[in-house]
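Where a number appears in this text, it was derived from the coordinates with a stated rule and is not lab data. Model, not experiment: these values are computed from the prediction. Every residue, glycine as well, gets a Cβ built from its backbone with ideal geometry; the counts of neighbours run over all protein chains shown.
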Amino acid sequence: MSKRLLIPIAVLFLIVACISGPSATSIPAVTDATDQNPTADLNPTIDPAHQPYLPNPQMTPGDVLDVSITDICTPGYSSKVRNVPDSVKTQVYLEYGIPSHQPGDYEVDHLVSLELGGSNSIKNLWPEPYHGDLNAHVKDKLENKLHDMVCNGEINLESAQHEIATDWVAAYIKYIGQP
């Protein structure tokens, strides 16, 4: 190969190397806390094994009322605010692709329970099954536990609401143990 051809190839090689950037074996740059995503802890990764037991987060992200700990810890509070018409329940089933079901298959449940300040909004409702290992009855135990913890000052209300809305199964394991 002639020298006349080697020089343009070498120049081309250098240009490509500069454009391509560092190779895969380079050491990553160190970043400080300001470079990290400030909301990363607000959007934790959901364990894929929990996914079948959780509502669709686009349809049911959770929704809460503007309430205080005094409100939710007053006996009888949740029965005063419970109001989900049958038409809304039907809409929830249809949005989840359940046009019909047998009695006892599901309940239209509040993702953030009323006992934790959850609302009756459709954004907080989903068809929770009564069958399977992690069913509506199991979630009820978590709701009661978190309510007691909030009322006893062991956890703040916003944290309890966030944990149950994000991944109630993980919250169950954290506060109660393996089901």
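Please enumerate the residues belonging to the stretch 124-159 that are in a helix (DSSP H, G or I) and in contact with a Gly (Cβ under 7 Å, 6 or more places away or on another chain).
Our first condition is that a residue be in a helix (DSSP H, G or I); within the stretch 124-159, this holds for 124, 136-151, 157-159.
Passing the criteria: 124, 157.
Those residues that are touching a residue at least 24 places away in the same chain (Cβ under 8 Å), assigned to a helix (DSSP H, G or I) and under 20 Å from residue 161 (Cα atoms), I need them from the stretch 65-123; list them, please.
Residues satisfying the conditions are 69, 71, 72, 77, 78, 81, 114, 115, 116, 122, 123.
Go through 172, 130, 93, 106 for me and flag whichever is surrounded by 21 or more Cβ atoms within 10 Å (Cβ to Cβ), more than 18 Å from the chain's Cα centre (by Cα), among the hydroxyl-bearing types (Ser, Thr, Tyr) and closer than 21 Å to residue 51 by Cβ. Steps first, please.
Working: 172 fails: more than 18 Å from the chain's Cα centre (by Cα); 130 fails: surrounded by 21 or more Cβ atoms within 10 Å (Cβ to Cβ); 93 fails: surrounded by 21 or more Cβ atoms within 10 Å (Cβ to Cβ).
Just a single option satisfies the conditions, and that option is 106.
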